[in-house]
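Following: one structure in structure tokens, then a few remarks.
The values are calculated or read from the model by the stated rules, or taken from the named source; none is laboratory data. Just so we're clear, the structure is a prediction, and the values are computed from it rather than from any experiment. Neighbour counts are summed over all protein chains in view; Cβ atoms, including those assigned to glycine, are modelled from backbone coordinates with ideal geometry. To get the accessible areas, we keep the full protein, side chains included, count just its heavy atoms, and leave off ligands, DNA and RNA. Shrake-Rupley method; radii C 1.70, N 1.55, O 1.52, S 1.80 Å.
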Amino acid sequence: MFGKKEFIGLTIQDDAIRVARIRVDGSSLNLVKLDQYSLVEKISSESSSDQQGHIDAAFEDKDLDEDADSIFGLEEEGQEEEEEIDFEGLEEEAEDFAMDMVDESEEAESNELLVYDLLTDLQGDKLHMGLNIPAGDTIFQIIRDTDFSEVKRKDLIEDLEDKLESIYGMPKTEDNYSYQVREDGSLLLASIDDESSTLKLINNVRELYSGKMAIQNIIPDEIALVGLVRANYELDADELTGIVQFGKEQCRVVFMKGEDIWLVSPIINEGTNKKTFLNTVFSKILFQLDTGEVPSLDRILLTNNTLGQQAVEFFEDNFPDIYVEDFTFKEEFFDLEHVDPSSVPSFTTAIGTAIAASGAKEEFFPEISFVPKYVQDRQKIFQLQWHGMLILFLIFLAPITVNYFYTQNAQEIDQYSTQLEQMESQINELDPIVANSKELQDNLATLREKLVMLDTLTKGSQEWSAKLQILNRGMRNVGSSWLASFTQNSSGEVSLQGYTLYRSRIPKIIDVFEDATLLDVQKELIREQNVYNFSISIKEFIANDSLYSPATPQEVQKLIGK
């Protein structure tokens with residue numbers, strides 16, 4: 001990434017729009033500004049409550065969830081806490097803070113005009129934005145019973161769409177779900193019933209806003225928080241962390257094991273505007289631990305905490321063995337320019353959305369994104385318009401450039417044209433020679449085939465004449481011996497049976513051959529003369545079988561490639 005570039009995280013949370021602006025300069029992040037705008041009309045999530053029903057029906061026992069407070073005996077404890085903690089005062093302070101930051105929302109007549117005004121106030125040729133999907137609008141499923149790294153993408157998509165159709169009661173497209181196959185082969189699946197309410201608002205504003213904007217990413221609040229926790233905390237592989245996202249009317253808890261999402265609990269339909277909020281969150285976490293869905297818990301991180309230290313102390317008192325703290329950024333994570341550090345905790349989600357849009361810390365964020373295809377195509381069209389203008393300009397310059405270089409090199413072109421004509425004439429003259437050469441090559445190939453066949457046929461043709469010559473010459477040299485029989489079996493071994501006047505001649509007969517074995521020697525009386533009857537088995541007459549074949553001239557050997 002070259003130079004400085006600003007990214008905007010725009011999130012809808014409860015009845016307000018929170019905006020975080022960050023500047024990316026190389027590998028460093030700068031938090032430039034935080035703004036909060038009160039919505040003119042509250043944006044209600046159409047899918048939030050319905051999705052919760054689907055989740056309960058598919059993955060949980062409703063009765064157990066509804067009776068969690070009575071199971072753990074927290075009803076009376078909640079009543080006592082109502083008297084001890086004054087949440088209203090804390091919420092009023094948060095509202096005063098929002099009003100101090102931005103007053104423009106009072107002048108706007110609609111949410112669209114409110115967003116139009118805030119976009120107009122942002123300086124830049126093009127706005128690079130990240131949007132959120134409010135907490136509770138996304139269904140998360142972690143599937144661990146299959147090694148999805150070995151499943152083909154086409155088969156995986158078919159299975160996921162069938163599963164989502166059974167949950168939502170209707171087919172869903174790729175715009176409605178996003179998944180990540182994790183290192184251990186498990187699958188993190190996130191799905192939404194409808195596109196983000198934040199995106200809908202931006203689409204409505206596009207009819208009014210004439211500036212350029214690019215939507216870099218759209219992620220659920222839960223994913224933004226997980227990415228920030230990964231980037232700012234050292235997480236052991238077996239450590240279990242609970243991330244509690246505060247809201248005025250709703251709350252959600254995300255459980256992580258190491259750096260992976262372990263479980264996303266159902267949305268808690270109570271927020272900081274109710275005095276029983278902390279007790280409800282406590283009972284939900286305790287319920288998850290008791291059912292075994294979360295085997296243990298080592299750390300609780302509070303995000304978007306508008307209740308301050310009192311919330312931290314509440315969970316510390318009720319979970320004495322668990323480390324509890326507000327989510328905090330590392331000192332070196334980003335630089336604050338003109339931002340009050342005390343305002344940062346309320347904008348955690350907006351900051352995470354902006355960082356995810358920038359891609360500066362993409363290795364920490366799960367690969368979950370809900371940018372619809374029509375938005376991607378719309379932004380590609382803008383890019384093509386810029387390239388199209390450049391192409392038209394180059395097309396306009398092409399004839400002028402070609403004519404200029406042609407004029408400058410006309411003489412050289414004529415010279416090359418003459419040389420080309422001469423070469424074509426020479427090629428035409430050589431055509432008959434090429435034809436004769438091809439004919440000779442064909443004849444040579446035919447001759448080579450015949451020579452190869454002849455060489456194959458003559459191989460071993462002199463085997464028996466050579467063997468008999470060796471036998472006759474050997475017996476002649478030994479003397480006083482003669483043969484009675486000469487046979488060859490199927491394996492090629494030759495058997496000799498004969499007579500000799502002297503026993504000492506038998507070893508000499510065996511030495512005539514390369515590999516021979518004496519089988520039997522018997523003394524007999526023929527015509528009142530003692531003779532020796534011997535039997536010999538011959539495996540090899542000579543060591544070099546080439547003597548069985550006639551010699552091939554050296555020229556023929558070269559021709560046939562021997």
Matching residues in region 103-140 (in a strand (DSSP E or B) and open to solvent by less than 10 Å² (accessible area, probe 1.4 Å)) number 8
Does region 266-286 contain at least one residue that is in contact with a Ser or Thr (Cβ under 8 Å, 6 or more places away or on another chain), open to solvent by 10 Å² or more (accessible area, probe 1.4 Å) and within 23 Å of E234 (Cα to Cα)? no
If you go through I243, I219, the only one that is within 15 Å of L297 (Cβ to Cβ), touching a residue at least 24 places away in the same chain (Cβ under 8 Å) and touching a Phe, Trp or Tyr at 6+ places or on another chain (Cβ under 9 Å) is I243
Residue pairs, Cβ under 9 Å, 6 or more apart or interchain, first in region 424-451 and in contact (Cβ under 8 Å) with a residue 12 or more places away in the chain and surrounded by 10 or more Cβ atoms within 10 Å (Cβ to Cβ), second of a type in the set (D, E, K, R) and in a helix (DSSP H, G or I). List them. none
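Check E207, E195 and return the single one that is under 24 Å from S44 (Cα atoms), of a type outside the set (A, V, I, L, M, F, W, C), open to solvent by 50 Å² or more (accessible area, probe 1.4 Å) and modelled with pLDDT of 90 or more.
Result: E195 is the single residue among E207, E195 that is under 24 Å from S44 (Cα atoms), of a type outside the set (A, V, I, L, M, F, W, C), open to solvent by 50 Å² or more (accessible area, probe 1.4 Å) and modelled with pLDDT of 90 or more.
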Restricting to region 452-467, what's the tally of residues that are assigned to a helix (DSSP H, G or I) and either open to solvent by less than 80 Å² (accessible area, probe 1.4 Å) or touching an Asp or Glu at 6+ places or on another chain (Cβ under 7 Å) (or both)? 7
Given (1) modelled with pLDDT of 85 or more; (2) assigned by the TED database to the domain that holds S535; (3) open to solvent by 60 Å² or more (accessible area, probe 1.4 Å), number of the condition Q497 does not satisfy: (3)
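In the set S186, S191, which member is within 18 Å of P372 (Cβ to Cβ), small (G, A, S) and touching a residue at least 24 places away in the same chain (Cβ under 8 Å)?
S191
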Members of region 292-316 found to be part of a helix (DSSP H, G or I), within 26 Å of D238 (Cβ to Cβ) and open to solvent by 70 Å² or more (accessible area, probe 1.4 Å), listed by number: E316
I'm trying to understand the selection: among the residues of region 319-349, which are aliphatic (A, V, I, L, M), in contact with an Asp or Glu (Cβ under 9 Å, 6 or more places away or on another chain) and outside any loop (DSSP other than H, G, I, E, B)? V324
What single numbered condition from (1) open to solvent by less than 60 Å² (accessible area, probe 1.4 Å); (2) out of contact with any Lys or Arg (no Cβ under 7 Å at 6 or more places or on another chain) fails to hold for S480? (2)
Which of the residues that make up region 243-284 are β-branched (V, I, T) and within 34 Å of the chain's Cα centre (by Cα)? I243, V244, V253, V254, I261, V264, I267
Of all residues in region 210-232, which are open to solvent by 20 Å² or more (accessible area, probe 1.4 Å) and closer than 22 Å to V294 by Cα? R230
Go over the candidates S481, S485, S437, S465 one by one and state the one that is touching a helix residue (DSSP H, G or I) at 6+ places or on another chain (Cβ under 6 Å) and polar (S, T, N, Q). S481
Say we look at region 317-343 and pick out the residues that are touching a strand residue (DSSP E or B) at 6+ places or on another chain (Cβ under 8 Å) and farther than 16 Å from N30 by Cα; which of these is most open to solvent (accessible area, probe 1.4 Å)? Y323
Do we find that L235 is over 30 Å from L113 (Cβ atoms), open to solvent by 20 Å² or more (accessible area, probe 1.4 Å) and of a type in the set (A, V, I, L, M) in this structure? yes
